Every structure is written in structure tokens, then in C-alpha cells.
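Input: a single structure, listed below in C-alpha cells.
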Amino acid sequence: QWIYLDGEFVTKENAKVSVFDHGFLYGDGIFEGIRIYEGNIFKCDEHLERLYDSAKSIDLVIPLSFEEMREVMAETIRRNEMRNGYIRLVVSRGAGNLGLDPRRCPKPTVLVIVEQLAIYSEEAYLKGLRAVSVSQRRNLPDALNPKIKSLNYLNNILVKIQSNLAEADEAIMLNAQGYVTEGSGDNIFLVKKGVVYTPPCYLGALEGITRLAIIELCEKLGYKLKEEPFTMHDVYIADEVFFTGTAAEVIAAREIDGRVIGEGHAGPITLKLLEEFRKAVTQDGYK
Ligand code: PLP
């Protein structure tokens with residue numbers, strides 16, 4: 001396995017980062033998770049745009065141009081002969097001293113890992129997941145703004161721990177006002193009386209690239225889509241609920257906080273969107 005690290009391709013054993021890297025010391029950095037379908041990087045530019053926007057927001061200058069980064073990703077895929085898998089792109093503030101000050105970190109660390117993806121079983125896509133709502137609130141504005149895909153995922157990890165304790169597969173996060181925002185690492189949608197709903201991202205959700213692809217697919221398929229706030233009540237009484245994300249694609253929830261959702265398995269609109277999404281992914285890529 002070849003890993004791109006600061007201008008070089010190194011083996012997994014040699015891919016080492018300083019203990020003084022502020023990504024490690026403080027979670028000071030940003031990342032992206034991207035899919036490779038049939039050798040194509042799905043929504044490459046959308047992911048890179050989000051990466052560069054996140055960097056700008058935390059005042060981090062990525063030492064590679066957009067085009068260079070695209071080429072580095074493509075080369076990492078080629079070297080690993082990966083046709084279907086996952087790319088993890090990380091840019092951290094780089095090595096400094098023990099102080100917080102980013103001015104002490106002259107050189108950001110850039111790494112690209114491509115790997116096989118451990119995803120849900122095909123059965124899970126039909127059966128749906130068990131999910132729980134959790135007490136952690138999705139942080140808003142400032143540094144933990146969900147729009148910034150930063151290395152500070154502690155909140156999401158606490159959410160995961162809470163859902164693990166409940167033996168659930170996925171968690172649902174609310175914001176401080178009690179509106180549903182997203183899953184632990186996925187966006188959320190529900191279907192009620194044939195209409196598809198997803199919360200606006202300003203409530204506290206990452207602007208998911210899969211989310212946007214699904215919104216576009218809804219338009220294409222003629223489903224009415226509304227971006228509007230909803231609460232757990234709306235989730236419980238929905239006909240269908242599903243999550244979207246780079247790794248998960250489109251996956252239903254069959255049970256949430258002990259309530260059976262719809263028929264208790266993936267519903268027809270969820271499955272149709274998954275089918276169409278999977279058709280689209282191989283056509284919309286960067287080689
Ligand atoms: N929400 C969070 C918190 C995430 O980490 C992710 C994954 O990147 C998503 C949503 C889904 O976003 P995307 O579809 O771009 O993978």
C-alpha cells in the first residue's frame with residue numbers, strides 16, 4: 001500500500017508523522033473522505049472545493065494547488081491499482097512546538113491514503129439500520145462549524161459511543177433547539193406521503209456531497225423535495241428515513257429509538273434513490 005506523504009510516496013510502514021504535528025496535538029487540520037468507483041474519483045472537485053474551503057476557514061494554506069492535489073490523488077490510486085475504494089485526504093497544520101500558535105508550524109502535512117472500504121452488507125441496505133437519537137448537540141458556528149470538515153471529530157465520536165452503548169448502528173444528532181441535524185457521519189432524510197425532506201444545513205449539518213447528489217436525483221426522478229427543519233416526532237412518524245454519506249451511500253433506518261419506521265425495512269423511495277445513485281456514481285468521476 002502506497003501512501004502519499006508530503007511530496008513522496010511511501011509504504012504504510014514508513015508513513016510517519018511527527019508527534020509535534022498539530023493535527024495530532026490539537027486536531028488542527030482538515031480532511032475529506034472520497035469514493036473511487038471503477039477507477040473514477042466520484043465528485044472529485046466538489047470534495048476538493050470543500051477541502052480548500054475548510055482550509056481557508058481555519059486559515060490553513062494547502063501547499064498544493066487544486067490541480068496538483070487532483071493529480072496526487074489520481075497518482076495514489078494508480079500506484080495502489082485501486083478500482084473501487086476510498087480516499088482519505090488529510091491536511092494538518094504540520095509540526096510545530098507544544099504551543100497552540102499555528103505560526104510555529106511552517107509546513108502543513110499533506111497525506112493521501114487509499115484503501116478498501118468496509119461498508120454495510122447488501123442485506124443491511126434492504127433491512128435498514130437501527131438508529132438512536134443522542135444527547136450530544138451538534139456544535140454551531142465558530143471553529144466547530146459543521147461546514148468545516150476539521151480533524152475535531154470528538155463530538156461525533158461521543159455520539160458513536162452513545163449509539164454503541166444502545167447497540168445501534170447509527171445515531172441521530174439534534175441541534176441545541178431540538179431540530180434534527182444529521183447522523184454521526186452522514187446526512188439524514190425522511191419521506192412522508194411521497195415527499196422527501198432533509199434539514200437545511202444551517203441547522204448544524206455538514207454540507208454532504210452525497211446529500212447534494214441525492215437532492216439532484218430527487219429532482220431528476222420527479223420526487224418533491226423540501227429542505228426544512230424537522231424534529232424527532234417527524235422522524236418517528238415518517239414512512240421512510242435514510243442516511244446519506246460517502247461511505248454509506250444511501251441506507252435506510254428500520255427502527256429509531258425503538259419505533260418501527262414505516263414497514264420496518266428499506267422503503268421504495270430509499271431503494272430507488274440507492275439504485276439510481278449507484279448507476280450515477282460510475283458516470284460522474286475524475287480519472
Ligand atoms: N455529516 C458528517 C458529520 C460527516 O462526517 C459526513 C461525511 O463526510 C457526512 C455528513 C456526509 O457527507 P458526504 O456525503 O460528503 O460524505
Which of the strands (runs of 3 or more DSSP E) found entirely inside segment 1-73 contain at least 3 residues meeting this: crowded, with 18+ Cβ neighbours inside 10 Å? 2-5, 29-37, 40-42
I need the full set of residues from segment 197-207 which are touching a Ser or Thr at 6+ places or on another chain (Cβ under 6 Å) and near the ligand (Cβ under 8 Å from one of its atoms), in order please. A205
Got a number for residues in segment 213-226 being surrounded by 15 or more Cβ atoms within 10 Å (Cβ to Cβ) and outside any loop (DSSP other than H, G, I, E, B)? 6
Just checking, does segment 168-177 include any residue being under 17 Å from the mean Cα position of the chain (by Cα), exposed (fewer than 15 other Cβ atoms within 10 Å of the Cβ) and touching a residue at least 24 places away in the same chain (Cβ under 8 Å)? no
Among the listed residues A266, A247, identify the single one that is within 20 Å of the chain's Cα centre (by Cα), in a loop (DSSP other than H, G, I, E, B) and in contact (Cβ under 8 Å) with a residue 24 or more places away in the chain. A247
Test each condition in (1) in contact with a helix residue (DSSP H, G or I) (Cβ under 6 Å, 6 or more places away or on another chain); (2) without any contact (Cβ under 8 Å) to a residue 12 or more places away in the chain for V114 and report the one that comes out false. (2)
Restricting to segment 103-126, count the residues that are outside any loop (DSSP other than H, G, I, E, B) and surrounded by 17 or more Cβ atoms within 10 Å (Cβ to Cβ). 7
Taking the condition of being more than 30 Å from R88 (Cα to Cα) and either basic (K, R) or within 16 Å of the ligand (Cβ to nearest atom) (or both), how many residues in segment 226-261 meet it? 2
Count of residues meeting criterion [charged (D, E, K, R) and in a strand (DSSP E or B)] in segment 228-244: 1
Please indicate, with yes or no, whether at least one residue in segment 183-202 is part of a strand (DSSP E or B) and surrounded by fewer than 21 Cβ atoms within 10 Å (Cβ to Cβ). yes
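Looking at segment 207-230, is at least one residue small (G, A, S) and either touching a His at 6+ places or on another chain (Cβ under 9 Å) or in contact (Cβ under 8 Å) with a residue 40 or more places away in the chain (or both)?
yes
Bear in mind these aren't lab numbers, they're just calculated from the coordinates by the rules spelled out. This one's a predicted model, so the numbers in the text were calculated from it and none came from an experiment. Cβ coordinates were reconstructed from backbone atoms using ideal geometry, including for glycine residues, and neighbour counts include every protein chain displayed.
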